[in-house]
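The values are calculated or read from the model by the stated rules, or taken from the named source; none is laboratory data. Predicted model, so just to flag it, every value in this text is computed and none were measured. Reconstructed Cβ throughout: ideal geometry from the backbone, glycine too, with neighbour counts over all protein chains shown. Calculation scope for accessible area: heavy atoms of the full protein, side chains included, ligands and nucleic acids excluded. Shrake-Rupley method; radii C 1.70, N 1.55, O 1.52, S 1.80 Å.
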Amino acid sequence: MASTASTDALPESVGFIGLGAMGKPMAANLAKALPRGSQLHVHDAALAQVQELWTSFPDVVVRCWSAQEVAEASDVVITMLPEGAHVKSVYLDPTTGVIAALSSSPSRPKLFIDSSTIDTASSLHVKQELSAVSATASFYDAPVSGGVLGAENGTIAFFLGCSPSDRNIARLNALLQTMGAKVVPCGGPSLGLAAKLSNNYLSGIITIACAEAMDMGMRAGIDARVLAAVFAAGTAQNTICDVFNPVPGVCGRAPSSNGYRGGFRVQLMRKDIGLAVDMARTVGARNVLGASGLGVYVAASAAADCRDLDSRVVYRYLGGRENWEHDQEEQIAKAGETR
Ligand code: NAD
């Protein structure tokens, strides 16, 4: 799916910092797409992550011990880190960060692309600090959607914080298309993040509504698959219900049908809804579902039977029936006995 871009536009020296669940498969797709002779300079706080990628691509990957080292060696650097504090440390630490590399050679043009899902204020702060040190450094927010499977398959979407006519758009597209299927320019700095947070707010709130609506309909006596088919045919139609239904057994390939394993961790949804609610407050948007939605994800993230599982586990947290198929079979058997 990825790698449709012309390799002519790809830089010869790229950096990647943050080789976790998302970053490692993204960096692997990039390593496969770079033209022969190119180098991918990588760094992660966990050495094992660096070693694993280097073992897979020993001719392309160069191991680095700091963000500064990556930035010194690369024309373009991509970062994929957990939270705003990590992004600020990687870019702005005066001795080991990207900014240390810029201070020593401020006139060499460089592109920085941060794909982490973080707050817009941290992202704008990093952008401002880098431009204060180097007039030729360009920083973009480009958070992603599509999860770990999408990162592995090269089908993630990038929400890019710039306009479609940005002077670097061709280079950004060529590079990001080696790792994903879609690049959506969202208008300007930090607007990729604003788009991502709005998207995850909507998806997280729909998940709770879908779990509640499934539970109430099933308790009233409707078969879960019939209820999902009703939503699909009616005005409630949505992707969470159709593809990621929170009720086990409704969508065979959804994480809910696999013990809520895989998918998008409930703690990540808690983080994103929290960031979205903060953003709504900052921009003065009235938000009636945010506080209760966030409360559900905070509690589910702390619950021993939900933590570390796919975010659609809120159905379990809300007390939804998971063994409904088995219960139905028992009811049918009992009805047969009494006849
Ligand atoms: P992760 O925790 O698996 O990986 C983060 C990596 O960053 C780790 O390998 C960690 O060692 C490294 N790291 C942390 N601090 C560092 C530092 N100071 N220097 C160098 N390396 C450092 O996280 P992830 O699941 O890959 O998510 C990364 C970002 O992508 C998050 O913002 C997340 O919200 C977002 N995201 C995740 C998913 C998903 O399904 N996992 C989907 C979309 C977006």
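Remark: the range 292-336 is approximated by an ellipsoid whose semi-axes, taken from the C-alpha gyration tensor as √(5λ), come to 30, 10, 7 Å, largest first. Against the chain, whose longest principal axis is taken from its Cα atoms, helix 120-133 shows a tilt of about 10°.
The reciprocal of the average 1/r between distinct C-alpha atoms defines the Kirkwood hydrodynamic radius, which for the range 160-253 equals 15.7 Å. Expressed in Å, the radius of gyration and Dmax of the Cα atoms of the range 1-157 are 14.5, 39. For the chain, modelled as a GNM whose springs connect Cα atoms under 10 angstrom apart, the maximal fluctuation among R167, R265, R63 occurs at R167. On a per residue basis, the range 97-206 carries 36 Å² of accessible surface, using protein heavy atoms and a 1.4 Å probe. Considered as an equivalent ellipsoid built on the Cα gyration tensor, the range 161-315 has semi-axes of 31, 19, 16 Å, the largest given first. When peptides 249-262, 133-146 are ranked by their average number of other Cβ atoms within 10 Å per residue, the highest-first order is 133-146, 249-262.
The accessible surface of the chain, taken with every protein chain in place and a 1.4 Å probe, is 55 percent carbon and sulfur. Seen against the Cα atoms of the chain and their longest principal axis, helix 47-56 is set at about 80 degrees. Once the Cβ-Cβ distance of E12 and A121 is raised to the sixth power relative to R0 = 41 Å, the FRET efficiency obtained is 0.75. Note on the chain: the alpha carbon radius of gyration divided by the globular reference 2.2 N^0.38 Å gives 1.12. Here the range 229-269 yields Rg over Rh of 1.02, to two decimals, using C-alpha coordinates and the Kirkwood radius. Calculated mean residue ellipticity, 222 nm, the chain: -15000 deg cm²/dmol, from DSSP H runs (n ≥ 4) at -39500 (n - 2.57) each, averaged per residue and rounded to 500.
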